[in-house]
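Read through the structure below, which is laid out as structure tokens, and then see the notes.
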Amino acid sequence: MSQSKTASFVECALNNISGIGVGWATSVVVFPLFGISISTSQNLRLTIIFTAVSMIRSYFWRRLFTKIQSVPQNQSIAAILQC
């Protein structure tokens, strides 16, 4: 079964949104271990940037694998990756 672009985006968004708190808490603990000192607002902005990048990356991979799965068995990978 093929996944729509909207469904791919929603899946990636929910996956990443659920990770925002974990990412923020991790940076609060890990940054000081490396001598990095930033404010709470800077930490939040950084977390949002990393989350956006992660969403784009997740969406790209999801769409690629959806495209690969929808191609007939006799078609080559090169043909799949052509736009």
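Throughout, read-outs are computed from the coordinates displayed, never taken from laboratory work. These numbers were taken from a predicted model, which means no experiment stands behind them. Don't worry about glycine lacking a Cβ; one is built from the backbone with ideal geometry, like all the others, and counts go over all protein chains shown.
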* **Rounded to 10°, Cα long-axis angle of helix 5-33 versus longest principal axis of the chain** => 30
* **Angle between the chain longest axis and helix 40-69 axis [Cα atoms, degrees, rounded to 10]** => 10
* To do: Using only the C-alpha atoms of the chain, find the volume of their convex hull and express it per residue in Å³.
  => 125
* Which order do peptides 53-60, 37-44 fall in by mean Cβ count within 10 Å, highest first? -> 53-60, 37-44
* Structure fact -> Computed over the chain, the relative contact order (Cα-Cα under 8 Å, seq sep at least six) in percent reads 45
* Structure fact -> Put in order of increasing Cβ neighbours within 10 Å, starting from the fewest, L14, L46 give L14, L46
